[in-house]
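Have a look at the structure below before the remarks.
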Amino acid sequence: MSDDADKQNGAEAAGRPERPIPDPPGYFEGESMTRRRAFTVAVQGIGGIAGAAIVLPAVGFAVAPIFHRGKERWEAVGPVGDFVEDTYRQVIFTETEGIGDAGKTTAYVRKSSKQLDEKPNEIVAVSNRCAHLGCPVRFVEAAGNFICPCHGGVYDFQGKRIGGPPVRPLDHFQARVRDGQVELGPRYSVTSQLEPVRARDPGEFTGGVWEYLYPPRPSTFPPPSG
Ligand code: FES
C-alpha cells in the first residue's frame, strides 16, 4: 500500500475529514504547478530581468563602437601643380576638428613616382609621426630619407623603415584631387610592402601575427585604396 493511501486511512481512522490526495503529488486541485515551482519560476524570471538590465547596456557599450563609422574629414592642401614626383612638399592640415592646434598634423606630399613603380597619377601623403614613439620625422632632401631626431629612426623615400628602433613604415593619409586641389583625408597604416591596412589604430603594429590578433572591424574594413 502506498504512503498516500496509508495517510488517508489514518485520517479516516482518526475521524478527520478526508482530504483529496494531490495528483500529481504536491499539486492542489486546480493548480497547474506547485507553489514552490511558481516561486522558483518567478525568482528566476526577476533574476533574469535584473541580469539583463546590467549586462545588456555593458555589452552595447562595448560593441557599439565597432559599428560606428566616424565622419571622414578631407581638407585641401594646395593645387595639384604644386606637387612633384621626386620630392615632398610639407603641408599642415587639421586631422581632428574642435581641438585647435592640437588637432593639426603634418604630412609630406608628392605625386606618385613612375621610377618607384607606383600607381600612376596618384598623390602620396606620408605622416611625419614616427612609428616608434611618435616624434616628428623630417624629410631630408639631400639623403632622400625621413629622419627621426629622437632615437635615430630612418625611413626611405617611400616611408619604409630602414634603420633605428621603428618596426613599421610611416603612416599615410588618404589623398585625392578635387577641382584641381589635392585633398588629404583619414590616416591609415601600411605594411612593410606599403599595402594599406585597417585604420583602427594607426599606432598599432599591424604586420605579422598581429593582423590576426587584431581582427578587422566592419567600420574600418576594407582598408583605404590609398
Ligand atoms: S620616436 Fe622616432 S625613433 Fe624613436
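Annotations for the structure displayed:
- Taking trypsin sites (Lys or Arg not before Pro) across the stretch 74-149, the ones in a DSSP loop with at most 12 further Cβ atoms lying within 10 angstrom of their Cβ are Lys114.
- Cut-off 14 Å, label 7 Å out along Cα→Cβ of Met33, residues of the stretch 47-66 by amide N: 47-48
- Straight-distance candidates among the lysines for linking to Lys71, with alpha-carbon spacing under 24 Å and chain neighbours fewer than 8 residues away dropped: Lys104.
The numbers here are math on the coordinates, done by the rules we state, and not lab data. Treat the numbers as computed from the prediction; the structure is a model and nothing was measured. Reconstructed Cβ throughout: ideal geometry from the backbone, glycine too, with neighbour counts over all protein chains shown.
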